[in-house]
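The values are calculated or read from the model by the stated rules, or taken from the named source; none is laboratory data. The model shown is predicted, which means the values in this text are computed figures rather than measured ones. Heads up, the Cβs are rebuilt from the backbone with ideal geometry, glycines too, and the neighbour counts pull from every protein chain shown. In case anyone asks, the SASA skips ligands and DNA or RNA and just uses the protein heavy atoms, side chains included. Shrake-Rupley method; radii C 1.70, N 1.55, O 1.52, S 1.80 Å.
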Amino acid sequence: MTTNSTTINLRLGLILLATTFSTLISSCQNSTPVSQSSRPMALSVKIDGSSTVYPITNAVAAGFKASEGGREVDVTVEFSGTSGGFKKFCAGETDLNNASRPINAQEMAQCKQNGIPYIEIPIAFDALTVAIHPDNTWATDITVEELKKLWEPGAEGKITRWNQVRSSWPDRPINLYGAGGDSGTFDYFTEAIVGESRSSRKDYKASEDDNELVQGISNDPNALGYFGFAYYEANPNKLKLLPVDSGQGAITPDRQTVEKAEYQPLSRPLFIYVSAKSAQEKPTVQEFVTFYIDKAPELVNSVGYIPLPEEGYHFAGLHFYNTKVGTVFEGKAQINLTLKELLRKQAIY
């Protein structure tokens, strides 16, 4: 299906949203209702969540505001991390949540309790990037085992110098920069590298703002940190990529290595979650999400992430206008998920 036909179907599908969403909302009548005062005004779209997804959604918002249908709409895009964003989303405070991981079981339960059904829409793939300062001449790659040795809880206060990670590296301090505890990137990185979500040393510079991490690493010759690939793409002269070896040789993150499922375990899907209540009550949310899916292939690429195949956006459009409420991931972490596996999950949902 072409992008144009997807857009036409999406717009036709909007006609179905109101009645279908009414049924969904009434099915949640035994849940705790969200107060009327917490609902945004009709001509607004309020978005929070992942700083990794922020560049995509911010670019979409700018395009929507410049379009004929979006000029009068107040679109706000903020970031407090995937986890922080879901707290607001499941409380009915936002219309969309940007997420760098799937919704987890606790968040699913919170949304259900508050009567917030949601539509899960994958919008891109990321290559979670390990970066160092450009003046670092000794580190040319790093293994998954070395990353675990460096970031696991037992390393706190003990693994503090480069030569403790690899003996051939110099005896100089290693300063760490990484995602904060409200970040989906923190959840994913710890699960993929340490083996347990949220299991990490705490003696590092933590932030939900990836720009702060970029600034810290770019000013620190002894730095090592991690964040979404788009933040490297926006600052290639300030940072140096560190290829990651998971046992098949050191692999550099880029579009080709993600599409070929070579950059593992740090490739991951990115999402937006749409409140079904907002989509029912606010036509501007319907229009914004339609615009988002239509423009995603172009804008995802422009900000430095990896677009889904056309089939992926086709499924996203179908799920939105057919109100496929819920998640295909059952609240579980998804490590080593490939583009093909994501498309298969979407197809059978």
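Brief remarks on what is shown
- Looking across region 208-231, the residues that are farther than 21 Å from Asp254 by Cβ and either modelled with pLDDT under 95 or open to solvent by 10 Å² or more (accessible area, probe 1.4 Å) (or both) come down to Glu208, Asp209, Asn211, Glu212, Gln215, Gly216, Asn219, Asp220, Pro221, Asn222.
- Being in contact with a helix residue (DSSP H, G or I) (Cβ under 8 Å, 6 or more places away or on another chain) and over 16 Å from Ala139 (Cβ atoms) is a property that Ala223 lacks.
- Across region 140-167, the qualifying residues are those that are free of Cβ contacts under 8 Å to residues at least 60 places away in the same chain and of a type in the set (Ser, Thr, Tyr), and the one among them that is nearest to Asp245 (Cα to Cα) is Ser167.
- Number of positions in region 46-60 that are in a helix (DSSP H, G or I) and open to solvent by less than 10 Å² (accessible area, probe 1.4 Å): 3
- When Pro170 is tested against (1) open to solvent by 60 Å² or more (accessible area, probe 1.4 Å); (2) without any contact (Cβ under 8 Å) to a residue 40 or more places away in the chain; (3) not in a helix (DSSP H, G or I), just one condition goes unmet, and that condition is (1).
- In the condition set (1) of a type in the set (Asp, Glu); (2) farther than 30 Å from Phe320 by Cβ; (3) touching a residue at least 60 places away in the same chain (Cβ under 8 Å), Asp95 is compliant with all but (2).
- Filter result for Ile193 (assigned to a loop (DSSP other than H, G, I, E, B), at pLDDT 95 or above and open to solvent by less than 40 Å² (accessible area, probe 1.4 Å)): no
- For region 66-82, a residue qualifies if it is touching a strand residue (DSSP E or B) at 6+ places or on another chain (Cβ under 9 Å) and not in a loop (DSSP other than H, G, I, E, B), and the qualifying residues are Asp74, Val75, Thr76, Val77, Thr82.
- From the list Glu298, Glu311, Glu262, Glu341, the one residue that fits, being within 25 Å of Lys148 (Cβ to Cβ), open to solvent by 30 Å² or more (accessible area, probe 1.4 Å) and assigned to a helix (DSSP H, G or I), is Glu341.
- Within region 117-138, the only residue that satisfies the criterion of being assigned to a loop (DSSP other than H, G, I, E, B) and within 30 Å of Ala279 (Cα to Cα) is Pro117.
- Counted residues, region 83-103 - those being in a loop (DSSP other than H, G, I, E, B) and surrounded by fewer than 24 Cβ atoms within 10 Å (Cβ to Cβ): 3
- The single condition among (1) part of a helix (DSSP H, G or I); (2) open to solvent by 20 Å² or more (accessible area, probe 1.4 Å); (3) under 25 Å from Glu310 (Cα atoms) that Gln110 does not satisfy is (3).
- Residue count, region 235-253 (criterion: assigned to a loop (DSSP other than H, G, I, E, B) and at pLDDT 95 or above): 12
- Scan of region 173-190 for residues that are within 27 Å of Gly81 (Cα to Cα) and either open to solvent by 60 Å² or more (accessible area, probe 1.4 Å) or not hydrophobic (A, V, I, L, M, F, W, C) (or both), ordered by number: Asn175, Tyr177, Gly178, Gly180, Gly181, Asp182, Ser183, Gly184, Thr185, Asp187, Tyr188, Thr190
- Pair list, Cβ under 9 Å, 6 or more apart: region 328-342 residue on the phi > 0 side of the Ramachandran plot, other residue part of a loop (DSSP other than H, G, I, E, B) and modelled with pLDDT of 90 or more: Glu330/Pro102; Gly331/Pro102; Gly331/Ile103; Gly331/Asn104; Asn336/Ala261; Asn336/Gln264; Asn336/Pro265
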